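Trainee: Here you go, one structure.
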Amino acid sequence: MIGTATKMVRDTAMFAGAQMRCGALRRARTLAAVVLCTCASIGGAKAQPITLEGAIRGALRSDNILIQQQDENVKGAAAGVQQAAGTFDWNVSAQGGWQELYVPKPVNGVLTDQTATVGSYYYSANIGREFRNGITVAPGITAYPGAGASPAQTAGLTELRPSLGLKIPLLRGLGEESADAGERAAKDVLRSTRLSRTFAIAQVVGSVVQTFWRCLADEQVAQISKDADRNALGYEDTLHKMVQKGLLEPTVAQQWSANQVTRHLDVQRTADAVQLCRRDLAYATTGDLNDPSPIPSGELPRVDDLKNAVDRLNAAVLVQVALDSRRDFQAAKQNVEAAIERLKSARSSTSPELDLHIEPESAIVSYSQSIQNNAAEGQEAAAQAARNQAQLVLQQLQNQITMDVADTVHSLQQTALDWGSLDAAERQMESVVHDANRRAQYGSIDWSAFLGAQDQMVQLQRQVLNTRLQFAIGLATLRLATGTVELDASTPATIATTFATLPAR
């Protein structure tokens, strides 16, 4: 009976060992290409493969809500520039109506000190504008046609009179430094918004790239778990057959079956992670959760190809690259400039108004000033605080960029180091599993010992895969942190290559 049991175990081990050896060879080195014959996507629709290039193309689609929001922000800022420029528009003004005039009363052709009223129609019209140096001009005419009174009676009021409407500010608002500060501030905001849009779109693309790589890793982890579970089930079936033949105690098979629950749950968890990641990838690339969830097709960046370059990364140099390249940092600088322009305008409003008004028949100087000046001083204080806040935001962003770049470089270098250790351990474990497989075939070790070695191999494979995923995410993060993702005049293929490589410096 013992010989029969030994033969059964040996035959089963040879068959199962052959299966596991083939599976180990498929997974042993690259863990790269994703199996495209996996289950269908959520909702039962047929899943279609998608490459990283295709995912980026989907993220850059014109109906992407995140990109549309940025476009609307730019439109709003452009409208602000147009609105600010409206201060310097040419304006036409006209009015007309009827007016009762008081004139000296004539008696026998002689004007007396008595008055009479005369009804008259009148009209006035002018066209003018304020120039960017603060000077205003509004030439026009005023007329009283059909007044029914002589010009002498109206002291020239009913004569056709031209007006110049020239106003020259002497203390407040004179010169481009303050007159068009609002327009310059609006233009700075527009430039800032455009830079922020470019940075935000790069973030959107970077997020899709990282989701794609996470889905690649999830697919491979699920396949590893499925293979491990299938191999263990083969041994469990053997144990139950031996129990039925009276060759093994039932408790041994029951213990093994209980241990299998963990494997079954792990398979389910990894399968769920695959479906959820596919859903996220579908939404990121199409914007529609009802679309068939795509299956990522491709390979994670190879650590061994970039390890030496990662070791040579200089965080200080990359920080300077980031400060020169980051669009959000440039946008923050423009926000400071806009705040400075608003402060110039606010400071000008605290001065008294001293204006020179020139007409063809007169030249008048007018002066006005608020006694307490609360409104103007409050406006200046608010503008001062806004400028200080913009400068603090800029400084905070600079510090954050410095930390982000330094942390990302350190993380990449540590991940590359970890991968080297795990890769070496995986190579050693491959030899152990191969040896255990051979010894199990000849019955020199128990089949469970081989499965134990295989489980250790599976855990190492998952750690290696997770390290490769973290390395890939680190590459994308470094690109975003340094602002070295060029979207203008770039194709999805070149963008995909950018995210899988290191910055030039």
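The values are calculated or read from the model by the stated rules, or taken from the named source; none is laboratory data. In this text the structure is predicted, and so the values were computed from the model without any measurement. We place every Cβ from the backbone using ideal geometry, glycine too, and count neighbours over all the protein chains shown. The protein model used for the area step is the full one, side chains on, heavy atoms only, and it has no ligands, DNA or RNA in it. Shrake-Rupley method; radii C 1.70, N 1.55, O 1.52, S 1.80 Å.
Trainee: Please determine whether any residue of segment 359-369 is assigned to a loop (DSSP other than H, G, I, E, B), β-branched (V, I, T) and farther than 17 Å from C215 by Cα.
Mentor: Initial filter on segment 359-369 (assigned to a loop (DSSP other than H, G, I, E, B)): 360-361, 369.
Filter once more, keeping what is β-branched (V, I, T): none.
No, there is no match, as no residue in segment 359-369 is assigned to a loop (DSSP other than H, G, I, E, B), β-branched (V, I, T) and farther than 17 Å from C215 by Cα.
Trainee: From the list Q459, Q454, Q413, exactly one residue is open to solvent by 70 Å² or more (accessible area, probe 1.4 Å) and on the phi < 0 side of the Ramachandran plot. Which is it?
Mentor: Every option except Q459 fails the conditions.
Trainee: Just for strands (runs of 3 or more DSSP E) wholly inside segment 82-156: which have at least 2 residues that are in contact (Cβ under 8 Å) with a residue 24 or more places away in the chain? Show your work before the answer.
Mentor: On the way: elements: 91-107, 110-130, 140-143.
Answer list for segment 82-156: 91-107, 110-130.
Trainee: Then there's this: Yes or no: Q456 without any contact (Cβ under 8 Å) to a residue 60 or more places away in the chain and among the polar types (S, T, N, Q)? So that I can check it myself, show each step before the final result.
Mentor: Working: without any contact (Cβ under 8 Å) to a residue 60 or more places away in the chain: yes; among the polar types (S, T, N, Q): yes.
Judged against the criteria, Q456 is a match.
Trainee: Might you check whether a residue that is farther than 19 Å from L502 by Cα, open to solvent by less than 60 Å² (accessible area, probe 1.4 Å), assigned to a loop (DSSP other than H, G, I, E, B) and not small (G, A, S) occurs anywhere in segment 420-440?
Mentor: Keep residues of segment 420-440 that are farther than 19 Å from L502 by Cα, which gives 421-440.
Remaining after also requiring open to solvent by less than 60 Å² (accessible area, probe 1.4 Å): 422-426, 429-430, 433, 435-437, 440.
From the residues that got through so far, the ones that are assigned to a loop (DSSP other than H, G, I, E, B) too are none.
Among the residues of segment 420-440, not one is farther than 19 Å from L502 by Cα, open to solvent by less than 60 Å² (accessible area, probe 1.4 Å), assigned to a loop (DSSP other than H, G, I, E, B) and not small (G, A, S), which makes the answer no.
Trainee: In segment 319-348, which residues are acidic (D, E) and crowded, with 21+ Cβ neighbours inside 10 Å? If you could, list the steps in order and put the result at the bottom.
Mentor: If we filter segment 319-348 for residues that are acidic (D, E), which is where we start, we get 324, 328, 337, 341.
Selection gives E341 alone.
Trainee: Restricting attention to segment 111-167, and to residues there that are open to solvent by 60 Å² or more (accessible area, probe 1.4 Å) and among the aromatic types (F, W, Y), which single residue is farthest from D355 (Cα to Cα)?
Mentor: Y121
Trainee: For segment 311-346, enumerate the residues that are under 14 Å from T482 (Cβ atoms), assigned to a helix (DSSP H, G or I) and touching a Leu at 6+ places or on another chain (Cβ under 8 Å).
Mentor: So in segment 311-346, the residues under 14 Å from T482 (Cβ atoms) come out as 313-330.
Going one step further and asking which of them are assigned to a helix (DSSP H, G or I), we end up with 315-325, 327-330.
Hits for segment 311-346 are L318, R327, D328, F329, Q330.
Trainee: Could you tell me which residue of segment 292-316 is surrounded by the most Cβ atoms within 10 Å (Cβ to Cβ), considering only residues that are touching a residue at least 12 places away in the same chain (Cβ under 8 Å) and over 28 Å from D423 (Cβ atoms)?
Mentor: S293
Trainee: In addition: Counting only residues that are under 26 Å from A59 (Cβ atoms), among the charged types (D, E, K, R) and modelled with pLDDT of 90 or more, which one in segment 257-291 is most open to solvent (accessible area, probe 1.4 Å)?
Mentor: If we filter segment 257-291 for residues that are under 26 Å from A59 (Cβ atoms), which is where we start, we get 270-291.
Among the residues that remain, those that are also among the charged types (D, E, K, R) are: 272, 278-280, 288, 291.
Still in the list and also modelled with pLDDT of 90 or more: 272, 278-280.
Numbers: D272: 72, R278: 1, R279: 98, D280: 53 Å².
It comes out as R279.
Trainee: Write out, first by first residue and then by second, each pair whose Cβ atoms fall under 6 Å of each other, whose residues are 6+ apart or on separate chains, and whose first residue, in segment 367-385, is within 13 Å of S345 (Cα to Cα) and modelled with pLDDT of 95 or more while the second is surrounded by 13 or more Cβ atoms within 10 Å (Cβ to Cβ) and charged (D, E, K, R).
Mentor: Hits for this filter: zero, empty list.
Trainee: Here's another thing I want to ask about it. Looking at (1) open to solvent by 80 Å² or more (accessible area, probe 1.4 Å); (2) over 21 Å from T482 (Cα atoms); (3) of a type in the set (K, R), can you tell me which one R387 breaks?
Mentor: Condition not satisfied by R387: (1).
Trainee: For segment 449-479, which positions are touching a Lys or Arg at 6+ places or on another chain (Cβ under 7 Å) and closer than 29 Å to R438 by Cβ? Please lay out each step first, then the result.
Mentor: So in segment 449-479, the residues touching a Lys or Arg at 6+ places or on another chain (Cβ under 7 Å) come out as 461, 469.
Q461, the sole residue that qualifies.
Trainee: What about P162, is it at pLDDT 90 or above, in a strand (DSSP E or B) and over 30 Å from C277 (Cα atoms)?
Mentor: Working: at pLDDT 90 or above: yes; in a strand (DSSP E or B): yes; over 30 Å from C277 (Cα atoms): yes.
Considered against the rule, which asks whether it is at pLDDT 90 or above, in a strand (DSSP E or B) and over 30 Å from C277 (Cα atoms), P162 comes out as yes.
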